[in-house]
Amino acid sequence: MIMTTNFDFLKQVDSDLFKIITEAEKLYRDEYFEQCMTQTRRFGENVCKNVLGNTRTTESTFDEMLATLKDMTNGEEQEKEFIDDLYFLKKSGNTSVHSVKVKHDGMAALECLQRAFEVAINFAVYSQGANSNILKLRYDTELLVTGKKSKNSLAERYTEEKKKTLKKVQSQQVKKQKKQQSYTTKSATPQKGFPFFWAIVSLSSAISLGVIITLFLIIKF
């Protein structure tokens, strides 16, 4: 099955929740970021209501339902993260609704969608008994923006980019080594003029010759 949203797994679990959160993704894609944040708040509130189920009595607001849900938890890390994500969606949605200025904060809206994704997974698996393989899913921003699932997972893309970077560094190191080893040899420049050594030899020979001639003349005369 080809995924068209990050929340396809929720379609069979709760179709109403699926419609609410996929609408939030559409709002994000059209750059209605604040409306997207408000929609994720609505999603969180309805998840909270569904989890409480028949145990809900007089709670009518999101705050009241969250407080009751928090009192029901056993202090496990998974439950704590679930509650924290719901509080985040509530706070972000409230800020968006009551904000005077439109901020067009795409990063804040994206975080809301990612938190809603974690909420949806926990709700599906731990509250509705869905397949635990859902826990392996990761939010795909490429799927969010283009409506098409990326070929590689985030981890695979990270590994691929890391290999490219390492290969580039190694290539630069090889080039640097070759540059250091390369050099040019210069031929010795022939010396111009009469070498000093031979000048000394010639002078010595001349002196010796002069001494011999002098001695010869003294002996003869």
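Per-residue answers, yes or no, for (1) under 14 Å from Ala24 (Cα atoms); (2) at pLDDT 95 or above:
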| site | (1), (2) |
| --- | --- |
| Asp84 | no, yes |
| Leu89 | yes, yes |
| Ala108 | yes, no |
| Phe123 | no, yes |
| Tyr126 | no, no |
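When you scan the stretch 10-25, do you find a residue that is outside any loop (DSSP other than H, G, I, E, B), farther than 18 Å from Ala124 by Cα and open to solvent by 20 Å² or more (accessible area, probe 1.4 Å), even just one?
Yes; the residues of the stretch 10-25 include at least one that is outside any loop (DSSP other than H, G, I, E, B), farther than 18 Å from Ala124 by Cα and open to solvent by 20 Å² or more (accessible area, probe 1.4 Å).
Restricting the search to the stretch 51-95, which residues are part of a loop (DSSP other than H, G, I, E, B) and touching a Ser or Thr at 6+ places or on another chain (Cβ under 6 Å)?
Glu59
Out of the residues in the stretch 141-170 meeting the condition of being modelled with pLDDT under 70 and of a type in the set (A, V, I, L, M), tell me which one is surrounded by the most Cβ atoms within 10 Å (Cβ to Cβ).
Leu154
Are there any pairs, at least 6 apart or on different chains, whose C-beta atoms fall under 8 Å, with the first in the stretch 17-34 and farther than 25 Å from Val51 by Cα and the second part of a helix (DSSP H, G or I) and β-branched (Val, Ile, Thr), and if so, which?
Arg29/Val145
Considering only the stretch 42-65, state which residues are hydrophobic (A, V, I, L, M, F, W, C) and more than 12 Å from Asp14 (Cβ to Cβ).
The answer is Cys48, Leu52, Phe62, Met65.
Taking only the stretch 43-82 into account, find how many residues are within 33 Å of the chain's Cα centre (by Cα) and surrounded by fewer than 16 Cβ atoms within 10 Å (Cβ to Cβ).
6
Exactly one of (1) without any contact (Cβ under 8 Å) to a residue 12 or more places away in the chain; (2) closer than 19 Å to Leu17 by Cα is unmet by Ala130. Its number?
(1)
The values are calculated or read from the model by the stated rules, or taken from the named source; none is laboratory data. All values derive from a computational prediction rather than experimental measurement. Here the Cβ is made from the backbone with ideal geometry for all residues, glycine too, and neighbour counts use every protein chain on show. Just the protein is used for accessible areas: all its heavy atoms, side chains included, with ligands, DNA and RNA removed. Shrake-Rupley method; radii C 1.70, N 1.55, O 1.52, S 1.80 Å.
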